[in-house]
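Trainee: Handing you this structure, nothing more for now.
Since every read-out is calculated from the coordinates, none of them should be taken as a lab result. For clarity, every value in this text was computed on a predicted model and none was experimentally measured. Glycine also receives a Cβ, built like all others from the backbone with ideal geometry; neighbour counts cover every protein chain displayed.
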Amino acid sequence: MLDFLKSISAKKPKSRLDPDKPAVSVRERVSALRHLPAFLQLIWRTSPALSLANIGLRLLRAGLPLAQLYVARLILDSVLALTRLPAEQRALAPLFTLVALEFGLVLLADALGRGVALLDSLLGDLFANQSSIRLMAHAAELDLDQFEDSTFYDKLERARRQTLSRTVLMSQVLSQGQDLVTLVLLAAGLVAFQPWLLGLLLLAVVPAFLGESHFNERSYSLSHSWTPERRELDYLRQTGASDETAKEVKIFGLSGFLIDRFRTLSDDFYRQNKSLALRRAGWGAVFAAVGAAGYYGAYVYILARTVSGSISIGQLTFLAGSFARLRALLEGILSRFSSVADGALYLQDFFDFFALKPRITRPIEGSAHTRPFPRPIQRGFQFENVGFQYKNGTKWAIRNLSFELKAGEKLALVGENGAGKTTLVKLLARLYDPSEGRILLDGHDLREYDPAELRQEIGVIFQDFVRFQLPAGQNLAVGRIAERHNQARIEAAAAQSLADTVIQKLPGGYEQMIGRRFNGGVDLSGGEWQKIALGRAYMREAQLLILDEPTAALDARAEHEVFQRFAELTQGKTAVLISHRFSTVRMADRILVIENGQFVEIGSHEELLDKGGRYAELFQLQAAGYR
């Protein structure tokens with residue numbers, strides 16, 4: 001954490017928005033609309049029944065404004081006609097029928113509006129849920145090194161935000177279609193009266209549309225460019241108020257530093273956003289005045305025609321109402337079009353994430369390179385001049401590494417921090433593929449096997465294992481989640497890892513929630529968590545066990561017990577052990593020493609001591625600390 005804090009303290013926020021240079025061109029905005037068909041298809045697949053019902057209600061609702069205006073016109077004309085008749089000749093039944101019809105249309109409009117809102121809500125919730133599931137499923141397919149790339153994390157963060165916010169886009173797109181139908185119906189009546197009024201309406205509204213489009217571009221550019229800083233703000237917010245970091249924040253007095261950094265970033269974003277909002281509001285007022293002038297110009301013309309007797313009061317009401325509705329609709333459609341185009345730009349982020357493809361994939365079924373995983377492993381693993389370099393890395397994590405891990409052998413990896421030990425086991429589990437060279441399993445390239453099938457046969461516990469906020473039993477079952485209902489297997493794994501002694505002390509036993517994130521949760525010590533994590537490896541019942549510093553948080557007695565048990569349980573199995581404690585390492589059949597990612601020496605504990613090389617030097621250094 002301290003390394004990260006040092007790095008961010010050196011950063012200076014910089015302006016992300018050049019007001020003289022649009023970051024998103026009109027072509028890019030129009031091009032982003034190509035994602036709408038795929039987006040609508042996703043909505044349809046979420047629930048065809050709800051989608052169809054939504055469209056049907058919206059089409060019915062689209063025709064209501066015209067019907068309401070027309071009935072209002074008939075009512076006014078009927079009233080005027082009745083006032084010209086003698087009292088005894090006035091038949092009120094037709095008038096009251098029209099009023100009842102208008103009342104019915106009002107009730108229908110309200111019912112349809114509520115129905116559309118309900119369907120939008122239900123469909124939006126389903127779409128958000130399924131999008132989140134799809135995002136998690138796709139993320140699980142991607143390679144580990146992609147998660148170690150900051151650019152990838154920016155894409156992931158933007159896609160994650162879209163899973164919720166795109167439900168608004170769904171409603172906007174459907175509303176756009178509804179309003180377009182209403183606009184066509186109302187425009188038909190206006191064109192029949194005076195076609196040039198429609199042209200006046202467009203001239204009044206288009207400037208506002210262009211202004212909104214420009215400022216939406218600027219808003220998207222600002223939000224997009226600030227993705228890394230948003231992630232940093234989230235990190236700072238979490239670090240400054242979290243049970244996981246509270247100790248170090250208090251001990252090192254980091255609160256003021258974290259708050260200052262958060263304030264600097266958030267204030268800079270606020271200033272840029274404020275500048276954009278002020279300009280948007282100013283120009284919006286100007287464009288609104290232009291639109292109002294156009295509307296009242298048309299209104300004066302219609303009034304003049306009414307006074308001259310060219311049209312009736314009812315027609316005045318219909319035309320004025322149609323023009324007002326058309327103006328509002330056109331402004332809404334054009335403004336929403338800008339928002340939809342803006343949303344489509346964000347939607348592009350959503351689809352960009354799903355366009356990412358893993359490089360480590362399952363071989364094509366039936367191809368010449370497909371090979372069933374050996375059960376049991378016969379010969380073991382062979383590293384042939386293996387090299388690996390992290391993406392954007394400046395040096396090799398591993399280079400020219402050649403050795404053999406025999407079936408049933410226990411191999412210990414020794415080396416200083418950063419020597420490449422953890423990278424080696426990640427290559428072995430095919431979380432990475434070598435940048436050069438190859439790894440063989442029973443004489444065949446590891447890439448010829450299904451990676452999912454390979455990982456089913458490997459039990460790995462990394463030093464930075466995850467402390468899942470789950471019940472104790474499920475925390476163990478993580479090792480083979482398909483067996484989470486097999487209580488006998490869970491308890492056996494707990495006994496093998498000595499986690500049963502931890503669970504016996506918990507108030508709820510195997511059902512006890514571990515961790516303090518949720519109500520009723522009980523936290524564990526580092527050593528207790530480590531026994532739970534070890535239980536996951538035994539839950540696996542794999543052919544290859546890999547333990548990366550598995551006892552770092554255990555005391556000497558617990559460590560001795562764990563490795564006594566480990567030696568018994570790995571009889572006949574292949575095992576790889578990473579540890580800095582030579583009392584642990586010496587139990588291995590052979591010990592591989594690597595330094596700066598390269599092979600140094602390999603042999604048994606006694607052989608390496610007799611050799612007097614790097615292993616003997618490290619052993620003597622550690623032994624001196626106990627004298």
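Trainee: Test of understanding: ordering VAL600, VAL466 by Cβ neighbours within 10 Å, fewest first, what list do you get?
Mentor: The order, fewest Cβ neighbours first, is VAL466, VAL600.
Trainee: Okay, next question. Work out the charge dipole of segment 26-355 with +1 on the Cβ of Lys and Arg and -1 on the Cβ of Asp and Glu about the Cα centre, then indicate which of PRO48, ILE259, GLN130 is farthest towards its positive end.
Mentor: PRO48
Trainee: Something else about it: Which of TRP283, TRP529, TRP44 has the fewest other C-beta atoms within 10 Å, and how do the rest follow up to the most?
Mentor: TRP44, TRP283, TRP529
Trainee: Here is a further query. Which value, in debye to the nearest 20, describes the size of the charge dipole of segment 26-355 about its Cα centre when Lys and Arg Cβ atoms bear +1, Asp and Glu Cβ atoms bear -1, and nothing else is charged?
Mentor: The calculated dipole for segment 26-355 is roughly 1100 debye.
Trainee: Full extension from PHE96 to THR361: what is 0.36 nm times the residue separation minus their Cα-Cα distance, to one decimal in nm?
Mentor: Full extension from PHE96 to THR361 adds 88.1 nm.
Trainee: Residue by residue through segment 371-384, which ³J(HN,Hα) values in whole Hz follow from phi under the Karplus form 6.51 cos²θ - 1.76 cosθ + 1.60 (θ = phi - 60°), with glycine and proline marked x?
Mentor: 9, x, 6, x, 10, x, 5, 8, 9, x, 9, 10, 8, 10
Trainee: Moving on. Set the Förster distance to 56 Å, then compute FRET efficiency between VAL168 and SER402 from the Cβ-Cβ distance, nearest 0.05.
Mentor: For R0 = 56 Å, the calculated efficiency reads 0.50.
Trainee: Report the gain in length on full extension from GLU607 to GLU148: 0.36 nm times residue separation, minus Cα-Cα distance, nm rounded to one decimal.
Mentor: Here the segment from GLU607 to GLU148 would lengthen by 161.4 nm.
Trainee: Could you calculate the FRET efficiency of THR394 with ARG45 from 1/(1 + (r/R0)^6), where r is the beta carbon distance between them and R0 is 41 Å, rounded to 0.05?
Mentor: Between THR394 and ARG45 the formula returns 0.35.
Trainee: Can you list which of the chymotrypsin sites (Phe, Trp or Tyr not before Pro) found in segment 571-627 are DSSP loop residues with at most 15 other C-beta atoms within 10 Å?
Mentor: When the chymotrypsin sites (Phe, Trp or Tyr not before Pro) of segment 571-627 are filtered for loop state and at most 15 Cβ neighbours within 10 Å, TYR626 remain.
Trainee: Rounded to a whole number, what is D in µm²/s for segment 26-355 from Stokes-Einstein with the Kirkwood radius over alpha-carbon pairs (25 °C, 0.890 mPa s)?
Mentor: Translational D for this selection: 103 µm²/s.
Trainee: If each residue of separation counts as 0.36 nm, what is the full-extension length gain between LEU108 and ALA137 once their alpha-carbon separation is subtracted?
Mentor: Answer, rounded to one decimal: 6.2 nm.
Trainee: Fewest Cβ neighbours within 10 Å first, please rank HIS605, HIS580 accordingly.
Mentor: The most exposed by this proxy come first: HIS580, HIS605.
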